[in-house]
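What follows is a single structure, written as structure tokens, with notes after it.
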Amino acid sequence: MFAGETQFLKGVVAMSGLPDADRPEVCFAGRSNVGKSTLINALTGRKAIARASNTPGRTQEINYFTLADRYLVDLPGYGYAKAPVDVVARWQALLKAYLQGRPTLRRAFVLIDARHGVKDVDEEILSLLDSAAVTFQAVLTKADKVKTADREKALDRTRAALSKHPAAFPELIVTSSETGHGIDVLRAVIASL
Ligand code: GDP
């Protein structure tokens, strides 16, 4: 359902630009530099479908991809310290409207750097997801950068942070786009939704 079937559809800057809600969709959110573009590329088996961001925080579009009979939605990265205040405000408003106004949204995947766990800027989006009642699942990225000995502790910390959120799906997905670890698990979850 993935390789060869993923096409870029459009970049959206306002709710009016969203495609018709005529099929299930999943979205991806995460801090700038968390590895979102790389993960989407690994997931779809394509080299450059989501442009890896050279300038974090620059892309403020919601990017729609078609993936077989559903949409894969790449939300703009958040938490870039140098992003201008008005850009951040616009992005928050669009994000809120999107999360509250998309009945076909089946699940949000929130990417969390396996080394850093859930940060304050992540908490903001997790709270938005709670209030919009959108089930979200955490996807840990860059797992190859965490020593095996530290992994369980890092996972426990992240689980504890997520357990405070009513909209959190209890299972984490641990991934590395570098080694390919967990990519098949994520694919299977998306296919099952
Ligand atoms: P985005 O801003 O969330 O789209 O992040 P990118 O996909 O552009 O990735 C940010 C940086 O992290 C890039 O230098 C990537 O090569 C690196 N990166 C992404 N995923 C992984 C991973 O799984 N392992 C390692 N070691 N590096 C990664």
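Some observations on this one:
- Among 117, 167, 149 the positive-end extreme of the charge dipole of the chain (Cβ point charges): 149
- Distance from region 69-90 to region 127-193 (C-alpha centre basis), Å: 20 Å
- The count of lysine pairs in the chain that are at least 8 places apart or cross chains, and whose C-alpha atoms lie under 15 Å apart, stands at 4.
- Contour excess over end-to-end distance, with Cα ends at residue 135 and residue 9 and 0.36 nm allotted per residue: 42.9 nm
- From most to least packed by mean Cβ count within 10 Å, the peptides 135-148, 88-101, 7-20 give 135-148, 88-101, 7-20.
- Pair residue 87, residue 21: separation of 7 Å Cα→Cβ label points (nm): 2.9 nm
- Expected 222 nm ellipticity per residue - DSSP helices of 4 or more, -39500 (n - 2.57), all of the chain, to 500: -10500 deg cm²/dmol
- Exposure proxy order (Cβ contacts within 10 Å, fewest to most) of 62, 173: 173, 62
- Rounded to 5, the percent of DSSP beta bridges in the chain classed as antiparallel: 35 percent
Since every read-out is calculated from the coordinates, none of them should be taken as a lab result. Remember, predicted model here, so these are calculated numbers, not experimental data. Cβ atoms come from the backbone with ideal geometry, glycine included; neighbour counts cover every protein chain shown.
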